[in-house]
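The values are calculated or read from the model by the stated rules, or taken from the named source; none is laboratory data. Only a predicted model underlies this, so the values are computations on that prediction, with no experimental measurement involved. Every residue, glycine among them, receives a Cβ derived from its backbone with ideal geometry; neighbour counts consider all protein chains shown. With ligands, DNA and RNA removed, areas are computed over all heavy atoms of the protein, side chains included. Shrake-Rupley method; radii C 1.70, N 1.55, O 1.52, S 1.80 Å.
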Amino acid sequence: MNIQEYPDKDRVNIQDKIEAFERFVNLNALVLGILQILSLSMPSTIWQGFSGWFRTVPSSGYPSEQIVRLTLQQSAPSILAESPPSLLLTKFLQAKELFMHNNIHRRIGPLKAP
């Protein structure tokens, strides 16, 4: 495939898609690395916070990236409740929650008291 054979508009679209793919792969690599660091540096904390069930725990004692992700996902509300309100992530997640809440009520209408 020679990108020079396509019109300018298509070339720009192709370049945009390639950049989006590269960002996606790079961000996933970063997140995977962070999950691995957490798994290796805080295994007992991760296992204590994990509410799932395993038939057998890995012999190494280290949780997988999936276990770390699930544990963080489950404990996110308590982590955010303890973080300062000025934290940018807290503001972002509160805005997202408000947006989702308003979207749901817009679709189904306000709840009426019995």
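Considering only protein heavy atoms and a probe of 1.4 Å, how much of the accessible area of region 30-94 is carbon and sulfur, as a whole percent? Please list the in-between numbers first.
On the way: 3210 of 4830 Å².
The C+S portion of the solvent-accessible surface of region 30-94 is 66 percent.
Taking every alpha-carbon pair under 8 Å whose residues sit at least 6 apart, the chain reaches a relative contact order of 18 percent. Shown is the FRET efficiency for Gln36 and Ile104, computed with R0 = 35 Å from the Cβ-Cβ distance and rounded to the nearest 0.05: 0.50. Using the alpha-carbon positions of region 54-96, Rg (one decimal) and Dmax (whole number) come out as 14.5, 42 Å. Taking the Kirkwood radius as Rh and the Cα radius of gyration as Rg, the chain has a ratio of Rg/Rh equal to 1.15. For region 34-87, chymotrypsin sites (Phe, Trp or Tyr not before Pro) are listed when DSSP marks them as loop and at most 11 other Cβ atoms sit within 10 Å of their Cβ; the list is Trp53, Phe54. Only helices reaching 27 angstrom along their own axis (Cα) with mean Kyte-Doolittle hydropathy no lower than 0.0 count here, and for the DSSP H runs of the chain these are 8-41. Computed over protein heavy atoms with a 1.4 Å probe, the accessible surface of the chain works out to 85 Å² per residue. Note on Arg23: accessible area is roughly 140 Å² with a 1.4 Å probe, heavy atoms of protein only.
Between Val57 and Tyr6, the simple spin-label model (points 7 angstrom out along Cα→Cβ) gives 5.1 nm.
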